[in-house]
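Notes to accompany the following structure.
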Amino acid sequence: MLCSRWQRVIWQAGPSCRSLPAPRDRRRPTSVFCSRGHWALSAGVVTQALLRPSRVAARAFSSSGGGMEKGLVSCEWLKAELASPSAPLKVVEATVYLPNSPFAAPEGSEGPQGDFLAGPRLPGAVFYDVDGVASPHPQGVPHMLPDEDKFAAAMAAMGIEPGTRVVAYDRLGVFSSPRLWYTLKVAFGHPAEVAVLDGGLPRWRELGFPVEEGPAAVPEPAKMARWSKNPEAVWDKSQVLDNIASQKALHVDARPAPRFHGEAPEPRPGLRLGHIPKSRSLPVGSVLASGSLARPESLTEAAEAAGLTPAALADPAGPRIMTSCGSGLTACVVGLALHQMGMPLTRWTVYDGSWAEWGAFPDTPVVRRSPDGGEEPVGPLEE
């Protein structure tokens, strides 16, 4: 039966879940049936839940306006800023679809870029191809950070210069757009302000704000700038392995709790089940509400459940916080949420390969919840 709380249903999927039929609008994701699915609902039902009018009043702190300093802006703020920009501003769509999840491609989709070109899209927006610029990975892990030359070419093609402010959005609410925010602001140190559009395209359309359809204008390219990747902003498998013993960073896993505990299957086949030793669970669903970031009190509650108090998060001298997830997308959503609670970006790093990399190796340390509520090790590629 369909649970009344979409976060619990989506991110804590159980084997008995059934989804409901969804509208067959090509611009709205459609549902699938899942008797033993990786996610309790797929995108059609999720989209309806994310945009449920009765929940719109529960918008997070960004809706009051303000600037881009905290990395999150409201649709109302962006509409006003586009009408009278205070400095150069580029709106960038960074949609990624995730198969076997609530964020799968909608029925009839032409892919993220094809859907962007067909519309609807935000006025004047350009498209950032997260996977198109990603660095190749030996295990085929998607979304990896690009190298500096490829990233520089992508920024120049979109007309983004060092002084250009950027607002990132996606077609699913707040899902893949924080990945661009992290990439641009944290990993490559963009000197101008970067923010995520709270609620994304669904919220923008819900408010009745103007959109573009049909062929998109080709942006005027910018001069190629030099971009340097911050090595402290991204960790690899060897650094995560060392961290198990050193605890240099607090490791926060954004996957749904059943996957973290090894009690639900991974959406990608061939991965071991469980989590990295000494990591803590902060499911991305606990920091989202109605397609936006959750209210401040809900964020605090979720963080404290993972042992992260606002005071500790805001301490500039505190330990690094390393986030991971399935493939590096929702790790950035959780990072954005922690930043709203005061976490300095200088303390944050992302395990880029995340579980898609770690769980594919037969010899990486993995633990899961044991029958007595403790933890037990997981053997090589155990199903």
- Message: Just to be sure I understand, how many residues within region 100-137 are assigned to a loop (DSSP other than H, G, I, E, B) and either within 20 Å of residue 150 (Cα to Cα) or without any contact (Cβ under 8 Å) to a residue 40 or more places away in the chain (or both)?
- Response: 11
- Item | Those residues of region 212-238 which are touching a Pro at 6+ places or on another chain (Cβ under 7 Å) and under 26 Å from residue 350 (Cβ atoms), in sequence order | 225
- Pairs where the first residue, in region 163-183, is surrounded by fewer than 24 Cβ atoms within 10 Å (Cβ to Cβ) and the second is part of a loop (DSSP other than H, G, I, E, B) and among the acidic types (Asp, Glu), C-beta under 7 Å, 6+ apart: 165/193
- Item | Residue among 313, 336, 308 that is in contact with a helix residue (DSSP H, G or I) (Cβ under 9 Å, 6 or more places away or on another chain), within 13 Å of residue 250 (Cα to Cα) and either of a type in the set (Lys, Arg) or part of a helix (DSSP H, G or I) (or both) | 313
- Query: Given the conditions (1) of a type outside the set (Phe, Trp, Tyr); (2) under 28 Å from residue 100 (Cα atoms); (3) surrounded by 14 or more Cβ atoms within 10 Å (Cβ to Cβ), which single one is not true for residue 320?
  - Reply: (2)
- Task: Could you pull out the residue among 330, 346 that is surrounded by fewer than 17 Cβ atoms within 10 Å (Cβ to Cβ) and under 18 Å from residue 183 (Cβ atoms)?
- Result: 346
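A short reminder: the numbers here are calculations on the coordinates, not readings from a lab. Computed from a predicted model, the values in this text were never measured in an experiment. Note that each Cβ is placed from the backbone with ideal geometry, even for glycine, and that neighbours are counted across all protein chains shown.
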